[in-house]
Amino acid sequence: MIPKQITLKNFLSYREASLDFSGLHVVCIAGQNGAGKSSLLEAIGWALWGQSRVASDDDVIHQGAMEARVAFVFQQGDHQYRVMRSRHRQQGATLEFQVQTDQGYRSLTQRSIRATQQLIGHHLKLDYDTFINSAYLRQGGADDLMMKRPSERKAVLARLLKLDRYDVLAERAREQARQAKAEVDLRRQALAGFTATLADYETTLASQTQLEADLQALDRDLADTQAHIQHHQTQAQAHQDRQQQQQIYRQQRDHLLALQQQTQSALAQAEADAHRCQSTIAEAAVILAGVEALAALEAEEHALGQRLQEAQTWQQQLEQVTADYQAQAQALQTRQQKIQSQLEAVLAQRQELADTLNQTENVKAACDQLAVAKARLKHLDALQLQVGPLRQRQQQLQAQLQRQETRLQTRLEEAQSALDQGHQAQAQQPPLEVSAQAVEQTLSYLEQRQVYQDQVRDKGLERRSFVAMLQAKQRDCETQMAEIAQKLSMLGQPDALCPLCDRPLDGPHRSLVTDRQRHQQQDLQDQIWVIREQLAASEREIQVLRQEYRAVEAELALYGPVFHRQGQIDAQRASQISTQQRLRELETECVQLRQSLQERTFAPDLQAELGQIEHTLHQLAYDDRDHALARGQVNRLRWADLKQHDLTQAQQRQRRLREQQRQLEQALVDIDSQQAELDQGAMAEEIQVLQARLQPLKADLARYHGVRQALGEAQGWHRRQQDLAQARQQWPLIEQRCAELRRQQHDQQQTLAQITAQIEQGQPPTPAHDSTDLDRLTQRLATLQQKRDYLLAQVGALAQVQHHQAALQAQIDQQQQDLALAQQRQQVYQELALAFGRKGIQAAIIENLLPQLEAEANHLLGRLSHHQLHLRFVTQRASKGRHGKRIETLDILIADAQGTRPYETYSGGEAFRINFALRLALARILAQRSGLALQLLIIDEGFGSQDPQGCDQLIAAINVIAADFACILAVTHIPHLREAFPTRLDITKTVQGSQIALSV
C-alpha cells in the first residue's frame, strides 16, 4: 500500500486539511504535543479499517461538529483506490470504496458497510491488527509485540504469513475424519445386523408349513362370521326404516303448525291496513278543499316574489354604484395626502443640502494636501517591499548560523564524552577467548543430550498412546459384556422376547440364543485378560522411560545458565569490536569539530549571503519612523476625499430634488380637478335614480312575508292528498289479500287434520333389535381379520427371506470392503489434520522464518546500539512441573554486555531500539515475501526516549532501509530532530483546528 492523498474534515483535532503524498519518501511529521501529529496517522487507519485509538465511535468527530469525514487515496499493485469513510452523530456511518479507471473513479461499494470493509481487506491483504503490529509503530504501542504472550506472538506471525488457510484445511480434514469415523461405526453396526439376520433365516423358514395351515382354518372361520353379521344387519335396517317414516310425519305436522301461525299473523295485518284505507277515503272532501286553498297561496307568493326579485336587482345596482363612487373618491384623497407628504420631504432635503454645499472651499484645500502626502507614502511603501524580504532573510540566516554553531558545539561535547567513556569501558573489559571455548563445548554436549531426551519423550508418548488405545478397547469390551449380561437376564424370564427380532421365543430358539450370548461373553472375557497383560507390560516400559528421562533432564538443567553465559560472551565480543571502531571515529570527529569552531569555517554560503544582505540594506536607507509619519499624515487627511465625494453627490441631489418638487406641485393641481369632475358626473345622477325606484316597493315586502308564513302552515294538505290517492289505489288489493289468506288458512287446517290422523292411525313401533350379538360378531370379525393379516405378513416375509437369503451374503462381503476403505480414509484424514494443525506445517513455517527474522533484527539492532544488544528467539523451554517436560513457546531473550536480562529491565531508549529493530526486520521480511508487501512504514513518537546519539543512529537506520519502502513517516516533537529530515510536515494547532504545512 502506497499512500497518495488524504483529506480530513472534522476528524479529531482537524477541521479541514488535505495532504498530497506525491513525491514524498522519508518525511518527518513535527509539532508540539497535542498538535495533531498522531491524529493524521490515525486517520489512515480509520479510513481503511474504521478503527482508531478512541473509546467511542463518535469520539472521532471534532468537538462541536456533527460529522467527520476522511478520504484516503492509495496505490495497491497496478491500481489506485479511494476510500471515503464518514461518521455522523445521529445517522451512523457511511463507507465508499472506488477504483480509478480511464474514465475516472468507479464505485466498488457493496450493499452493506460490512461487505464493503471485507472487499477493502481483500484488496489490501492486510487487517488492522497486523498493520499496527508490523508497519505502524503507534504512539504508546511500539512494544505490543514484545509484551504479548508467546501464543499471541505466534498468532500475530500466523496472520502475517496467512497461515489461517491451514487452519481451514485442518478443520476440513478433521470434519472428514469425523465423517469417516461415523461411516465406520455405521458399517460395523450394519455388518453385525446382517450377520445376525443371516443366522435367523433357517429357524424362520421352518415355521412356513404351520403358518399356511393356520391361514386356511382362519379363512373358514372368517366366512362363517361374515354370514351371521349380514343376517343381523338386514333385520336392523327394516326396523330403522319404520322409525324414519314416523319421524317424517312428525316433521310435516310441526311445519304446518308454523305455517298456520304465519298465515294468522298476515291476515290480522291485512285487516288493519283495510281499516286504515277506509278512514282515509271518508275524509276526501276536507282534503280537496285544503289543497285548493294551498294553490291560491302559492300563486300569490309567486307574483310577490317576482316583484321583490326586481327590487333586489335595483338594490344591488345601487350598492355597486355607491361603492365605486366612494372608492374613486377615497383613492383621490389618498393620492393627494401621499403627494403632499413627498413635497414636504423634498423641501426638507433641499434645506439639508444647502448646509453641505457651503463647505466647498475648505474641502478643496484639504484634497491638495492629501495628494502630496500620498505621493510620499507611495515612495516609502516601495522601499519597504524591498527591505522586508531582505530583513526576514537576514534573521533566518543569523538563526541558522547560530543553530549550526550550537549543533557543532553540542556534537563536540557529546563526542568527547562518549570518547572518554569508551576508553574507560575498554580498559575494564576482561579476556573472553578461554571462557567462550569452554561454553561452546558444554553447549554441544547438552544439545546432544537434548536430542536423546526428545527421542525418549517420543518413545514414551508412543507407549502412552498404545496404553490409551488398550484402555479404550478394554472399556468397549466391558460395555459389550454388560449388554450381554443384561440380555441373558432377560432371556431367563418365561415371557422373554428375542433380543434380535422382538418375537416370542420357544424352547429350542431360547437355548440357541442363550448359548450364542454366553459364547460371545467368554470371547470378550478372554480379550480383556489379553488387554490387561499388555497394559501391565506397557506400564513397566513407561516407568523405565520415565527414569531415563529424569536422568537426562537433570543434566539439561545446566542448559539455561550455560546458554545465558554464551549470550553474555557473544555480546561482550561484539561490544569490544564495536567500541574500538567507534572510538577511532569519535577521535577523528572531535578534531574536525574543534577546527571548524575555532576558524568559523562552517556554513560559508550562509555567511557570504548575510554580508551581501547587510550591504544592500545600508544602501536603501529605509527608516520605519519616516514611513510611520507619512502613513499618519495620509490617514489624517483622508477625510478630504470623503468630503469631496459628499459634495459631488450633494450637487447632483440638489438638481434632482428641484425637478421632483415641480412635478409634485403639478400633481396636486391635477387631483383637485379630478375631484370636481367626480362630484358632477353620471355616477352621482345614477345613484339618485335608483333610490327613487326602490321607495314604493317597501309595502310589498311586508305582504310577501305574511303569505310565506301562511303557505308554510298549509303544506300538510299535499301529504294528505297523497295518502288519499294511495288508499284508493290499495283498497282493492288489500281486499283480495284478505280473501286469499282466509282461504289459505282453511286449507292448512284440513292438511293438518289429515297428517294428525295418519300419525294416530300408524302401527305401534316394533321393539328395538338387540345389537349385542351384532357387536360381538363385529369384534370377532375384526380379530380374525387382524390374525389373517398377521399370517399373510408372515407368509410374505418368509417368501422374501427365501429371495434375500442368497443376496445377503454378497451384501456382507460388500460391507466388509466398504468398512476397510472407510477405516483407511479415517486414518488419512486424521494424519492430514495433524499436519495442517498449529503443531504441524504452521509451526514448521514459523520456525523456518524465525532464524531469518532473528538475523535481520540483530543486524539492525547492532547498528542501533553499537553491537551492545542482541536478541534470540526460543521455541522450546522446560515446563515448571516436576518432570521437566519441554513445551512449545515463542520467547524473546535480550542480552547486552552484562548478560541476558528480562525485557522490562531495559531503559526506555534501549527498549525502543529493540522494538524498532524487531519491527523493521519483520517489515523487511514481509516485504520480500510474495504473499504480502508492506511499502509504508510509520514511526510515531519513537525519538522522545532516545539520547542524541540514539536518535542519530535511528535516523541512519531509517535511511538504510528507505530503499525498501515507498513511504516512511516519522513523528517527533523534538525541534532539533526536525532539521535532520529533508522533507518535513509541520503540524500546528489553531482555533480553526490543526493545520498542515509542507517544507522541503
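Divide by every residue of the chain the summed helix terms, -39500 (n - 2.57) for each DSSP H run of at least 4, and state the resulting mean residue ellipticity at 222 nm, rounded to the nearest 500 deg cm²/dmol.
Values: 23 runs with 730 residues, N = 1000.
Estimated from H runs of four or more residues: -26500 deg cm²/dmol.
Which ³J(HN,Hα) values in Hz, rounded to whole numbers, follow from the phi angles of region 897-908 under the Karplus curve 6.51 cos²θ - 1.76 cosθ + 1.60, where θ = phi - 60° and Gly and Pro get x?
5, 8, x, 7, 10, x, 4, 5, 7, 7, 5, x
Taking the chain on its own, what percent of its Cα-Cα pair distances exceed 37 Å?
79
Name the residue from Asn358, Val634, Ala258 whose Cα lies farthest towards the positive end of the charge dipole of the chain, charges +1 on Cβ of Lys and Arg and -1 on Cβ of Asp and Glu.
Final value for the positive-end residue is Val634.
In whole Å, what three semi-axes, largest first, describe the equivalent ellipsoid of region 435-545 built from its Cα gyration tensor (square root of 5 times each eigenvalue)?
Semi-axis lengths for region 435-545 are 57, 11, 7 Å.
Set the bar at 21 Å for Cα to Cα. Now go through Lys181/Lys487; Lys181/Lys473; Lys181/Lys839; Lys364/Lys643 and name every pair that lies beyond it.
Numbers: Lys181/Lys487 27 Å; Lys181/Lys473 16 Å; Lys181/Lys839 23 Å; Lys364/Lys643 9 Å.
Beyond 21 Å: Lys181/Lys487; Lys181/Lys839.
Rounded to the nearest 5, what % of the DSSP beta bridges within the chain are antiparallel ones?
Of the beta bridges lying entirely in the chain, close to 75 percent run antiparallel.
Relative to the Cα centre, what is the charge dipole magnitude of region 435-545, using +1 at the beta carbon of each Lys and Arg, -1 at the beta carbon of each Asp and Glu, and rounding to the nearest 20 debye? Before the final figure, lay out the partial values.
Details: 14 positive and 17 negative charges, 27 e Å.
Rounded to the nearest 20 debye, it is 120 debye.
How much area per residue is accessible in the chain when the probe is 1.4 Å and only protein heavy atoms are counted (Å²)?
Spelled out: the 1.4 Å probe surface of the chain, per residue, equals 60 Å².
Just going by the charge dipole of region 810-856, with Lys and Arg at +1 and Asp and Glu at -1 on Cβ, which of Ile846, Gln811, Leu821 is farthest out on the positive end?
Of the options given, the answer is Gln811.
Return the sequence-ordered ³J(HN,Hα) values of region 464-470 in whole Hz as given by the Karplus equation 6.51 cos²θ - 1.76 cosθ + 1.60 applied to θ = phi - 60°, using x for Gly and Pro.
5, 5, 5, 5, 4, 5, 5
Which of the lysines could a cross-linker bridge to Lys9, judged by Cα under 30 Å and excluding same-chain residues fewer than eight apart?
Partners within reach: Lys37, Lys125, Lys989.
Could you give the dipole magnitude of the chain about its Cα centre, charging the beta-carbon of Lys and Arg +1 and that of Asp and Glu -1, in debye to the nearest 20?
The dipole of the chain has a size of about 2680 debye.
Given the options Gln721, Gln32, Ala345, identify the residue whose Cα lies farthest towards the positive end of the charge dipole of the chain (+1 on Cβ of Lys, Arg; -1 on Cβ of Asp, Glu).
Selected residue: Gln32.
Show which aspartates and glutamates lie in cross-link reach of Lys787 when reach means a straight Cα distance below 17 angstrom and same-chain residues fewer than eight apart are skipped.
Excluding near neighbours in sequence, the set is Glu212, Asp214, Asp219, Asp221, Asp224.
Using modelled backbone amide H atoms (1.01 Å from N, in-plane), which distant-in-sequence or interchain residues come within less than 5 Å of His25's amide H?
Correct list: empty.
Keeping the other protein chains in place, figure out the carbon and sulfur percent of the accessible area of region 1-74, with a 1.4 Å probe. Let's see the in-between values first.
Values: 1160 of 2820 Å².
That fraction is 41 percent.
Given Cβ point charges of +1 (Lys, Arg) and -1 (Asp, Glu) and nothing else, what value in debye, to the nearest 20, does the dipole of region 462-615 about its Cα centre take? Intermediate results must be reported in sequence, preceding the final value.
Working: 19 positive and 24 negative charges, 134 e Å.
For this selection, approximately 640 debye.
In terms of modelled amide H atoms, which long-range or inter-chain residues lie less than 5 Å from the amide H of Tyr14?
HN-HN under 5 Å from Tyr14: Ser994.
Determine ³J(HN,Hα), in whole Hz, for all residues of region 183-197 in sequence, where each value follows from phi through the Karplus function 6.51 cos²θ - 1.76 cosθ + 1.60 and θ = phi - 60°; x replaces Gly and Pro.
Computed from phi, the couplings for region 183-197 are 5, 4, 5, 5, 5, 5, 4, 5, 5, 5, x, 4, 5, 5, 5 Hz.
First compute the accessible area of region 435-545 with a 1.4 Å probe, then give the percent of it belonging to carbon and sulfur atoms. Let's see the in-between values first.
Numbers: 3700 of 7220 Å².
Percent of accessible area from carbon and sulfur atoms in region 435-545: 51.
The values are calculated or read from the model by the stated rules, or taken from the named source; none is laboratory data. Bear in mind the structure is a predicted one, so any value in this text is a computation, not a measurement. Cβ coordinates were reconstructed from backbone atoms using ideal geometry, including for glycine residues, and neighbour counts include every protein chain displayed. For accessibility, only protein heavy atoms count, side chains too; no ligands or nucleic acids. Shrake-Rupley method; radii C 1.70, N 1.55, O 1.52, S 1.80 Å.
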